[in-house]
Structures are given as C-alpha cells and as structure tokens.
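The structure under discussion appears below in the form of structure tokens.
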Amino acid sequence: MNPNLERLHPYPFEKLAKLKAGISVPEHLEPISLGIGEPKHPSPAFVKDVIADNLDKLANYPTTKGTDELRSAIAGWATRRFDLAPASLDPNRHVVPVNGTREAIFALVQAVVDAGKPATVVSPNPFYQIYEGAAFLAGATPVYLPCDGSNGFIPDFDAVPESDWENCQILFLCSPGNPSGAVIPRETLVKVIELADRHDFLIASDECYSELYPDEANPPEGLLQTCAAIGRHNFERCVVFHSLSKRSNLPGLRSGFVAGDAEVLA
C-alpha cells in the first residue's frame, strides 16, 4: 500500500453528515446549508434534452481528448469570456476536457510533483480538500495560505516563508474563493505570476465559481485573462480549471476542462 495514504484526513462531508445525523431544524427557521456546494436550482432543460437525444452514443468510447467540436467550443467561450487574444488559446494545445475538475486536479498534481526532491504544494486555507489530498499522495508537503477578514479573504502570500516558495512546485488559487467569494485582483495575480517565474512553480487556478457574480458588468477576472493583459500569451506556468457543476447546475454530469500552458497539458 502507498504509505502516503496514512497522511490523508477523512472526507469532511462524511464527517459533517455524521455530526448532523438526528438533528432537526426548528420549524420557524429556514436552514442555509454550509455543507457540500451543490446547486439548488434545476439543471437546464435544453441540456437534458441534448443528453436524451444522444443516449445511443453511450455505446461508444469517447476520444481521449474529447471531440474537436468540444475543444473548439471551450476555446471560443474562454477567449470571449476572458478577453484573450484571437487564436491564442489553441483548442488542440491549450485545452483538455475532463471528467470533473476534482479528478483533473488530482491527476495534475500527480503528474507535476517531483517527489524526488523537497516539494511543497501551496494552497489557500480554507481549501477544497482535494488540493491537500493530492499533495499528500504525490509525496509533497502542503503549505497553507491564510485567507481571513484581515486581508479581505484574499490569500496572504507574504505569510509563506521563502524556503517554502523555493520548494514550491504547485500553487493553488481559488478565485472567486470558496467559501468567501473573494476575487483575487489583477495586481495580485501579476505578483503571483512573477513569484512563479522566480521560483519555477506552476499556478493552478480553480475557477469553478467564475460565473457566479452579482454585477453583470464586472465579471471576475481569471488567471488567463491576467496573462493576456501582461502579454503572456503562451500562458507559461499557468493553468485554470472550469466546471459545469456550479455555473450550469450540472454536478452529476462530471464535465469540465483545464486550459493554459501547453507544455503542462501535453
């Protein structure tokens, strides 16, 4: 057995379910769940119609990288949404469809981390537990960035010792943040990119909440958008994760994509 399995912590929502067992909500109160981030609205009807119309295709294996049409649609949406330079996001080099971003995050960490040398994986705290679990199983040491009210719930990058940055192989971001909703501003993302260049680590930005925002005129900025703004059109050392789970109320579909640095996604 992999000895790193002993480093894993119990899945938090299983623990939470046990804590909630047998507890009833007072009738005069309407509960607000702080548990698993499951959408409360129905899935779009047109999506269910498309799935129903194509059930016969379940008899065939899908291609490893998804269809050309899917990758092109992803690249087109991301280019429009994040104001990228035309044709800078090549659907054949910069986009990989995935069966859920949780699984993709885990796979990325296993592929990127070199446990043959001191390795840290830095992530915000609170955090999506797969960041930590993937780091443990890859043989890396998790390092946590405090995200609290004193800093507007933006990760405090100055809280990490220089030695941990020197050993950093992956930095996880989550913007808009879970659970705070805080959006990392462009100037901070630029500093993080400079930090990655200085210490040669990968930035993995979890942007699964990017389409949940109150002001239609000011959607949250993404990491690739910052790259484009500073002329980093090859997205070096930068990858982003997007999912249909939250934005489209389709968590059971397990559909998402990773986009960014072509060398990482090759």
- Item | Two-site FRET efficiency, V50 against R7, from Cβ-Cβ distance with R₀ of 51 Å, rounded to 0.05 | 0.75
- Using a cut-off of 10 Å between beta-carbons, work out the net charge of the residues near S175 (Lys and Arg +1, Asp and Glu -1, S175 not included). -3
- Segment W77-D158, extension gain: residue separation times 0.36 nm, minus the distance between their alpha carbons: 25.7 nm
- Task: Please identify the longest segment of the chain free of exposed trypsin sites (Lys or Arg not before Pro), where exposed means a DSSP state other than H, G, I, E or B and no more than 14 other Cβ atoms within 10 Å.
- Result: 66-266
- Query: Expressed as a fraction of 2.2 N^0.38 Å, the rule-of-thumb size for a compact globular protein of N residues, what is the C-alpha radius of gyration of the chain?
  - Reply: 1.05
- Item | Environment charge of V98, counting only residues whose C-beta is closer than 11 Å and scoring Lys/Arg +1, Asp/Glu -1 | +2
- Note on the structure: Looks like region 153-266, by Cα gyration tensor root eigenvalues a ≥ b ≥ c and the a/c under 1.5 rounded cutoff (else prolate when a/b is bigger than b/c, oblate otherwise), is prolate
- Query: Can you give the calculated 222 nm mean residue ellipticity of the chain, where each DSSP H run of n ≥ 4 adds -39,500 (n - 2.57) and the sum is split over every residue, rounded to the nearest 500 deg cm²/dmol?
  - Reply: -9500 deg cm²/dmol
- Item | Centroid-to-centroid separation of region 143-211 and region 62-102 [C-alpha atoms, Å] | 24
- Item | In region 91-193, GluC sites (Glu not before Pro) in a DSSP loop with at most 16 other beta-carbon atoms within 10 Å | none
- Message: Assuming 0.36 nm per residue, please report the length gained on full extension of the stretch A217 to N60 beyond their Cα-Cα distance.
- Response: 52.3 nm
- Message: Give me the percent relative contact order of region 98-265, please, defined on Cα pairs under 8 angstrom at least 6 residues apart.
- Response: 22
- Message: Please give me the summed charge of the neighbours of E187: other residues whose Cβ is under 14 Å from its Cβ, Lys and Arg +1, Asp and Glu -1.
- Response: 0
- Out-of-range pairs (alpha-carbon distance over 32 Å; input K48/K191; K20/K65; K191/K246; K18/K65; K15/K246; K15/K191): K48/K191; K20/K65; K18/K65; K15/K191
- Along Cα→Cβ, 7 Å out, is where each label goes; now give me the distance between the ones at R93 and T188 in nm to one decimal. 3.2
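Every number in this text was worked out from the coordinates using simple rules, so none of it is lab data. Computed from a prediction, not measured in an experiment: that's the story for all the values here. Cβ: placed from backbone, ideal geometry, glycine included. Neighbour counts: every protein chain shown.
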